[in-house]
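For reference, the structure discussed in these notes is given below.
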Amino acid sequence: MDERLMYRREFFIDGKWAAPTGGGALRVVSPSTEEAVGEVPVATGADVERAVAAARAAFDTGPWPRMTPGERADVLAKAAVLLREREADIAGVTVDEMGCAVSQARRAQTGLVAPLFDYYADLVRSYPFDREVVVGDRAGLVTHEPVGVAALIVPWNAPVTLAAWKAAPALAAGCSVVLKPPPEAPLSGYVLAEALAEAGVPDGVVNLVPGGRDVGELLVRHPGTDKVAFTGSTAAGKRIMSLCGEQVKRVSLELGGKSAAVVLDDADIGAVVPAIVAGAMHLSGQVCGAHTRILLPRARYAEAVEAAADAAAAVPVGDPHDPATVVGPLVAERQRVRVERYIAVAVAAGARIATGGGRPDGLPRGWYVEPTVLTDVTNDMRVAREEIFGPVVCLIPYDNDDDAVAIANDSPYGLSGAVWSADPHRALRVARRLRTGGVAINGVYPPYPHVPFGGFKESGLGRELGPEGLTTFLEPQSIGLPPALQTP
C-alpha cells in the first residue's frame, strides 16, 4: 500500500491536519505477517480537548446545524461520490491493518459505505423534521433538532463501514462528530475523514482522534459531548452506558451476539448447512451478527454434522492478499488465544471437534485458526452462550419447532438470526417468534441500508441504519403556536 495511507503523523481537528501534542504512537501490525505495516499518533487528553472544542464550536455557532437538510444532503451526496473513488484505498488498507481477506474487502469494508451516504442524503431531503399539530383551538410545532456533538467509537472488524453507519446519519441530522477509530485498525478512518473534508463539511464538524480505551473514555465522560454512539463488546458497552447514565447522556450501543440459525426439519440439509457455515466464516468469524449457533432437528443431526464438517474443511484459509482466500487471520494474537481457549473449554465440557480446532498447516506466521465445527454442544455450554468472535460454529440439536425457538431465545443476546425451511410461510411464523433484532429467511436479508440494525437484550440499545438510525441523532422539541403563527 501507499506509505502515505499507512503512516499518518497528524489528527484531523477543526478542518485541518493537526500535529499531536504528545509523542506516543500506535504501531499497526499486520495480522498475516505479524510485522508493523503502519503507524498513527496517539491522542492525549489535550488532543481530545481540542477535538471536542472544535466540534462544540461547529455545532453551537457554525453553519452546519443551521443549513437546510437539502444543503447538508448535497455535501453527503458528494462524499458518497468521493468515497466510491477511494474504495480501492479503503479495501487495501483494511487487508493490511486488520487482515480482512481481499476477496471480502470490497463487500465488507467499502461496499457498504458510499451507499449509506447516498441513502441519508436522499432521506433528509424529504424527512419530516417539522410537523404542525392542531387540536381544537390550540396548535403546536413539533421539530426534530440535532442532538449536538456526537462521539463515535468504532471497532476494528469493519472500521470504515461502522464509522459510516454512525457518521452519515449524525451529519445528516446536523450534528458535529468526533470519531475515535480502533487502535488495531485506525488507518482506514483517515480516508473517511479526507473524503468528508473534500466534500465540503465545514471546519470542526468532523474530527478524528485515534487512541485506545482511555481516549474513548475521555470522549464518553467529556461534558462537551452530547451523545455517544458505540459498536463493540457488550462488556465495554455496559461501561459506556453506565458512564452516560451518570450524565443522562444520550447513547446508542451495537454490541455482541450469539445468533442462531434455525434449520427446520423440511430444509435441504445438504444445501442449507454449508451456506450457514460459509456465512459464519465471513471476516474470519469476526462479525457480531454471525450465525454461530446452528440449531438442527435431532433426527437429521448426524447428516448435518457431516455437511457442516465437509463445508468448513473446504474453506480456503491463508494470506488475506490472495483472492482465493476466504478465511484470513484473526486481528491480533490475543484474539487467537481467546478463540483457542474457547475451543478447549468446549471440549472439556463434552463437545466434540468435527473439523478444525487448531492452527492451519503451512502458515507459520500470522494469527490463524482453522474453520472449526463443534458438535454435541448443549445450549448451556459457554461456547453456546458467549461470543467467540472467530471461525467457530456450534451445532445444537432440537426436538421440535417450539424447542428450537426456546433454544434460540435462551441467550443473553438478541442481535441476528435465521430460519431455513422449504416452506417460507412456516419459516416466517418461526422468525416472528425469535427475540432478536433481525432475521434472515432462507438466506434473504432485508434491504440495506433502508431497515434498522440493532439488538434485543445485551446486544445493544437503539438502532442504526434506516430512518431509525437518523432519529437516534435527533431530539424532538414541542413549540406552542399562537394564532398568528398557525398555518391557515
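Values as computed for the structure displayed
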| quantity | calculated |
| --- | --- |
| Count - residues of region 155-185 that are in contact with a Gly (Cβ under 7 Å, 6 or more places away or on another chain) and of a type in the set (D, E, K, R) | 1 |
| Unique residue being in contact with a Ser or Thr (Cβ under 6 Å, 6 or more places away or on another chain), assigned to a helix (DSSP H, G or I) and crowded, with 17+ Cβ neighbours inside 10 Å when the list is 267, 309 | 309 |
| Region 109-160, subset surrounded by fewer than 17 Cβ atoms within 10 Å (Cβ to Cβ), out of contact with any Ser or Thr (no Cβ under 7 Å at 6 or more places or on another chain) and of a type in the set (D, E, K, R), residue nearest to residue 179 (Cα to Cα) | 145 |
| Exclusive hit being under 23 Å from residue 234 (Cβ atoms) and assigned by TED's automatic domain parsing to the domain that holds residue 238, set 472, 436 | 472 |
| Residues of region 214-245 that turn out to be in contact with an Asp or Glu (Cβ under 6 Å, 6 or more places away or on another chain) and part of a helix (DSSP H, G or I), as a count | 1 |
| Pairs, first part of a loop (DSSP other than H, G, I, E, B) in region 160-188, second acidic (Asp, Glu) and crowded, with 24+ Cβ neighbours inside 10 Å, C-beta under 9 Å, six or more apart | 184/97; 185/97; 186/97 |
| Unique residue being touching a residue at least 60 places away in the same chain (Cβ under 8 Å), of a type in the set (A, V, I, L, M) and assigned by TED's automatic domain parsing to the domain that holds residue 164 when the list is 277, 251, 272 | 251 |
| Conditions (1) touching a residue at least 24 places away in the same chain (Cβ under 8 Å); (2) aliphatic (A, V, I, L, M); (3) surrounded by 21 or more Cβ atoms within 10 Å (Cβ to Cβ); number of the one not met by residue 53 | (3) |
| Search result, residues across region 92-131 that are within 30 Å of residue 71 (Cβ to Cβ), within 19 Å of the chain's Cα centre (by Cα) and among the aliphatic types (A, V, I, L, M) | 112, 113, 114, 116 |
| Top-ranked residue of region 246-264 - restricted to ones that are under 15 Å from residue 395 (Cβ atoms) and assigned to a strand (DSSP E or B), ranked as nearest to the chain's Cα centre (by Cα) | 259 |
| Yes/no for residue 350 being at positive phi, modelled with pLDDT of 95 or more and in contact with an Asp or Glu (Cβ under 8 Å, 6 or more places away or on another chain) | yes |
| Matching residues, region 327-353, being under 22 Å from residue 376 (Cβ atoms) and polar (S, T, N, Q) | none |
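Per-residue answers, yes or no, for (1) touching a Lys or Arg at 6+ places or on another chain (Cβ under 8 Å); (2) farther than 26 Å from residue 33 by Cβ; (3) surrounded by fewer than 16 Cβ atoms within 10 Å (Cβ to Cβ):
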site: 327; (1), (2), (3): no, no, no
site: 331; (1), (2), (3): no, no, no
site: 339; (1), (2), (3): no, no, no
site: 344; (1), (2), (3): no, yes, yes
site: 352; (1), (2), (3): no, yes, yes
site: 356; (1), (2), (3): no, no, no
site: 367; (1), (2), (3): yes, no, no
site: 370; (1), (2), (3): yes, no, no
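The values are calculated or read from the model by the stated rules, or taken from the named source; none is laboratory data. Keep in mind that this is a model prediction, so the values were computed, not measured. When we count neighbours, we look across all protein chains shown, and the Cβ atoms used for this are built from the backbone with ideal geometry, even at glycine.
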